[in-house]
Amino acid sequence: QVQLVESGGGLVQAGDSLRLSCAASGRTFSGYSVAWFRQAPGKEREFVARISWSGDLTYYADSVKGRFTISKDNAKNTMYLQMNNLKPEDTAVYYCAAARFYGSSAPADFGSWGQGAQVIVSS
């Protein structure tokens with residue numbers, strides 16, 4: 001399994017932007033579809049966005065569509081989540097995850113997970 005490490009979380013105000021990074025180690029992203037999930041206190045982990053290994057396919061949750069952008073740099077083995085116009089309801093721990101196939105939004109289908117990055121958006 002590929003090991004994943006997130007970075008870039010923090011405390012921001014509503015309307016601000018933030019970029020999360022997810023670096024792969026041990027193995028490369030080659031052959032993996034990668035995604036971002038988030039989990040707010042007291043809530044279930046929810047899908048945010050995913051991107052295919054080639055980078056030509058992306059998909060977003062309705063709640064972040066138009067505000068968040070997922071991308072990846074296979075040469076750097078790093079995936080990104082650019083978050084713009086952040087809202088208090090975006091407050092959560094954000095996780096990157098990897099799966100051997102593209103197309104799922106279910107956490108159970110992802111075999112590799114990072115440790116999470118806290119994002120807090122104040123109003």
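The values are calculated or read from the model by the stated rules, or taken from the named source; none is laboratory data. Every value quoted in this text rests on a predicted model; they were computed, and no experiment measured them. For neighbour counting, all protein chains shown are included, and Cβ atoms are generated from backbone atoms with ideal geometry for every residue, glycine included. Ligands, DNA and RNA are excluded from the accessible area calculation, which covers all protein heavy atoms including side chains. Shrake-Rupley method; radii C 1.70, N 1.55, O 1.52, S 1.80 Å.
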>> touching a residue at least 40 places away in the same chain (Cβ under 8 Å), assigned to a strand (DSSP E or B) and of a type outside the set (Phe, Trp, Tyr): is that true of residue 82 in this structure?
In response: yes
>> Which residue is least open to solvent (accessible area, probe 1.4 Å), if the candidates are limited to region 33-45 and must be in contact with a strand residue (DSSP E or B) (Cβ under 9 Å, 6 or more places away or on another chain) and outside any strand (DSSP E or B)?
In response: 40
> Just checking, how many residues over region 5-32 are part of a strand (DSSP E or B), over 11 Å from the mean Cα position of the chain (by Cα) and crowded, with 22+ Cβ neighbours inside 10 Å?
Replying inline: 1
> Across region 101-120, which residue is modelled with the lowest pLDDT among those that are surrounded by 14 or more Cβ atoms within 10 Å (Cβ to Cβ) and part of a loop (DSSP other than H, G, I, E, B)?
Replying inline: 102
> Just checking, how many residues over region 86-100 are over 13 Å from the mean Cα position of the chain (by Cα) and open to solvent by 10 Å² or more (accessible area, probe 1.4 Å)?
Replying inline: 5
>> Quick check on region 47-69: of everything there that is open to solvent by 40 Å² or more (accessible area, probe 1.4 Å) and in contact (Cβ under 8 Å) with a residue 40 or more places away in the chain, which residue is nearest to residue 3 (Cα to Cα)?
In response: 53
>> Tell me whether region 52-69 contains one or more residues that are assigned to a strand (DSSP E or B) and aliphatic (A, V, I, L, M).
In response: no
>> Suppose we filter 72, 76 for residues that are assigned to a strand (DSSP E or B), at pLDDT below 95 and open to solvent by 10 Å² or more (accessible area, probe 1.4 Å); which single one remains?
In response: 72
